[in-house]
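Participant: If you scroll down you'll find the structure; I have some questions about it.
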């Protein structure tokens with residue numbers, strides 16, 4: 001701002017109003033006015049500078065706030081998307097939990113009826129083995145005793161009880177297939193005799209004396225070992241050879257359990 005023209009205008013105005021003021025007084029007034037004007041102008045300039053600085057800082061802060069707002073808006077969108085996805089996951093988990101709870105309820109109902117069923121099945125299995133051909137007697141009795149102990153045990157949970165029952169049933173079912181040959185002491189009509197016993201699945205148990213002179217079978221109806229007519233001796237020998245894989249499998253004529261020779 002140009003202070004000198006303003007000062008001259010004010011000085012002229014003062015002279016016009018006071019023509020009788022001495023020259024020295026006019027100079028003092030003019031000096032005072034100029035100082036005041038310079039002071040006012042300096043204050044005005046300072047205010048303008050401060051205002052400009054404030055505007056500059058505000059622009060910087062405004063840009064910073066705009067950038068932060070934009071970043072927060074993006075983060076909000078991301079959080080909303082994640083929230084929707086997590087809600088979907090949560091709904092899936094709720095459905096899975098509901099299914100599991102339903103399954104547990106059903107398993108509880110099954111468990112209440114399964115334990116009595118296993119006990120009943122054990123009784124039927126005992127009766128079956130008692131009425132079955134007398135093979136692997138010691139082993140099978142021990143297996144049934146172990147199964148009964150497991151079913152009566154509080155420490156064995158229901159799935160384990162069921163697993164053990166299925167294992168015993170699987171073993172018993174396996175006895176219905178294949179062949180087995182071994183030496184045993186049996187009670188014949190003429191006393192105890194060591195013989196070779198051939199098991200053909202569950203069709204029948206047959207024996208051949210060690211000298212090969214006499215063959216016989218286990219009569220399930222009478223639960224006794226009986227000699228077979230002489231015509232069956234060769235058939236039992238053939239069955240023995242096939243069981244020992246000494247000849248190819250072929251048809252042989254033998255009585256079966258429950259039948260008559």
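Participant: Once you have the Cα-Cα distance between residue 135 and residue 209, take 0.36 nm times their residue separation minus that, and quote the gain in nm to one decimal.
Facilitator: Value of the extension gain: 24.9 nm.
Participant: Compute the separation of the alpha-carbon centres of segment 123-139 and segment 157-235 and state it in Å as a whole number.
Facilitator: Here the answer is 12 Å between Cα centres.
Participant: On C-alpha positions alone, give me the angle between the axis of helix 158-174 and the longest principal axis of the chain, in degrees, nearest 10.
Facilitator: 40 degrees
Participant: Still on this structure: Please give the contour-minus-distance gain from residue 249 to residue 27: 0.36 nm per residue of separation, less the Cα-Cα distance, rounded to one decimal in nm.
Facilitator: 64.9 nm
Participant: Still on this structure: By how many degrees, between 0 and 90 and to the nearest 10, does the Cα long axis of helix 137-152 differ from the longest principal axis of the chain?
Facilitator: 40 degrees
Participant: Report the label-to-label distance for residue 146 and residue 94 in nanometres (one decimal), using points 7 Å from each Cα along the Cα→Cβ vector.
Facilitator: 5.0 nm
Participant: Pairing the Cα long axis of helix 23-131 with the longest principal axis of the chain, what angle in degrees results, from 0 to 90 and rounded to the nearest 10?
Facilitator: Relative to the chain, helix 23-131 is tipped by roughly 10 degrees.
Participant: Let me ask you something else. What does the extension gain come out to for residue 126 and residue 81, with contour length at 0.36 nm per residue minus their alpha carbon separation?
Facilitator: 9.8 nm
Participant: Once you order the gyration tensor axes a ≥ b ≥ c over the Cα atoms, which shape class does the chain get: rounded for a/c under 1.5, otherwise prolate or oblate by comparing a/b with b/c?
Facilitator: Prolate, because a/c is 1.5 or more and a/b exceeds b/c.
Read the figures in this text as sums done on the coordinates, not as results from a lab. Computed from a predicted structure; not experimentally measured. Here the Cβ is made from the backbone with ideal geometry for all residues, glycine too, and neighbour counts use every protein chain on show.
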